[in-house]
1. Between Val183, Val261, which is within 20 Å of the chain's Cα centre (by Cα) and of a type outside the set (Ser, Thr, Tyr)?
2. Inspect segment 203-223 for any residue being farther than 23 Å from Ile15 by Cβ and open to solvent by 10 Å² or more (accessible area, probe 1.4 Å) and give the result as yes or no.
3. Kindly indicate which of Leu256, Leu301, Leu289 is among the aliphatic types (A, V, I, L, M), assigned to a loop (DSSP other than H, G, I, E, B) and either under 20 Å from Ala329 (Cα atoms) or open to solvent by 10 Å² or more (accessible area, probe 1.4 Å) (or both).
4. Do any residues in segment 92-106 that are in a loop (DSSP other than H, G, I, E, B) and basic (Lys, Arg) have Cβ atoms under 7 Å from those of residues that are modelled with pLDDT under 90 and open to solvent by less than 10 Å² (accessible area, probe 1.4 Å), where the two are at least six apart or on different chains, and which pairs are they?
5. Scanning segment 4-43 for residues that are hydrophobic (A, V, I, L, M, F, W, C), closer than 30 Å to Ala130 by Cβ and open to solvent by 60 Å² or more (accessible area, probe 1.4 Å), which turns out modelled with the highest pLDDT?
6. Quick one: in segment 78-94, of everything that is aromatic (Phe, Trp, Tyr) and surrounded by 10 or more Cβ atoms within 10 Å (Cβ to Cβ), which residue is farthest from His48 (Cα to Cα)?
7. In segment 198-244, which residue that is within 26 Å of Gly39 (Cβ to Cβ) and of a type in the set (S, T, N, Q) is modelled with the highest pLDDT?
8. If you scan segment 44-63, which residues turn out to be open to solvent by 60 Å² or more (accessible area, probe 1.4 Å) and either modelled with pLDDT of 95 or more or assigned to a helix (DSSP H, G or I) (or both)?
Amino acid sequence: MNLRRVKAVANKEFIQIWRDPRSLALGIVIPVILIVLFGYALSLDIDHVPMVVWNQDNSKSSIDFLLNFKNSKYFDIKAYYDNYRDIERDINYGTAMIGMVIPKDFSRYLHSNQKAPVQVILDGSDSNTAQIALGYINSVVYAFNVNIVTNALRAAGAPPVKLLDFRPRIWFNQDFESKNFIVPGLIAIIMMIIAALLTSLTVAREWERGTMEQLIATPVRPAELIVGKFIPYFVIGVLDLTVAVLMGKFVFDVPLRGSVVLLFVLSSIFLTGALALGIYISTISKNQLMASQMALLISFLPTFLLSGFTYEIFNMPKLVQAFTYFIPARYFITILRGIYLKGVGISDLWFETLCLMLFTYLAVGAAIKKFKKKII
């Protein structure tokens, strides 16, 4: 491989990118926008669940019971009504997810040592959120019941109740902040999409503009042409990675507990494979529109849905789980979250690293082999 020819192709590509504002925007501005949008808009935290209440009892006991919901960050009481019609309307319109009805004999049931019924109407349209909200409700009710039993025993002069001493210890994400889980995975999504999308246009653009014939006439070899076109976009990819890491640290306050050097080294391996995949797509399409559509289809959908970014892989059907082993972003997201949240090293990530290296080797080899210096 002649380094002078590689440098000449790389300089040409740098000039072409610099003179094309759309490429610069696609490579630098769009990743920043995606990080901001996904980082702020995409949240898996379930809190401030809107609820409406019809308190038919209006006693001190019922008010004390509702205070447990009002003082919780997981619930947000939007309104108090005196009929079912308003509760049904709010749930139908989506302004409330929970409707709670306390009967008029609530306090009498409690004072007579009977079970006090409380009706909870839950919007189950979003089954996952509804199940989590129901779990929050059960926790509040359980705590209220324990408090009643404790107070009753204390009033009767009975010995204190010995309950289970449950002491959970949360590792890696103590506050259950979803941004700590999302932002590292978001880096993989952005790098895969932008890298594949950028380089998918390189060779196709040469064919559309009629400049490929000139490149074919030069002594530049296929491997040299591929590497020369690869270098500028690799620089842009590393710049995007740097911006993403800095925004994750200083904008979203996501902890980076592992090695920054290891993060950039393994990210460079993934970036190389993603760029090579884009060049391979560009060589087989010879059309910028088709190349961009293929890049989005091949990179965005599998990476977003099947990499474990938003949906846990162990919850997927077995056949789909088997397919995820062919998604390189699956291994890169594991690496990112391991370095970010757990601070693990290469000894714990060797399998994922080998998978990324295999992906990069196959992608680079396919791109070089597919490109031919001939007009077909």
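The values are calculated or read from the model by the stated rules, or taken from the named source; none is laboratory data. Source: prediction; values computed, not measured. Neighbour counts are summed over all protein chains in view; Cβ atoms, including those assigned to glycine, are modelled from backbone coordinates with ideal geometry. When the accessible area is computed, the model is the full protein with side chains, heavy atoms only, and any ligands, DNA or RNA have been set aside. Shrake-Rupley method; radii C 1.70, N 1.55, O 1.52, S 1.80 Å.
1. Val183
2. no
3. Within the list Leu256, Leu301, Leu289, the selection yields Leu256.
4. Taking only residues 6 or more apart or on different chains, not a single pair turns up.
5. Filtering segment 4-43 for residues that are hydrophobic (A, V, I, L, M, F, W, C), closer than 30 Å to Ala130 by Cβ and open to solvent by 60 Å² or more (accessible area, probe 1.4 Å), the one modelled with the highest pLDDT comes out as Leu37.
6. Within segment 78-94, the match that is farthest from His48 (Cα to Cα) is Tyr84.
7. Going residue by residue through segment 198-244, those that are within 26 Å of Gly39 (Cβ to Cβ) are 198-200, 233-244.
Next cut, of a type in the set (S, T, N, Q) only: 199-200, 242.
Values: Thr199: 77, Ser200: 76, Thr242: 92.
Among those residues, the one meeting the criterion is Thr242.
8. Lys60, Ile63
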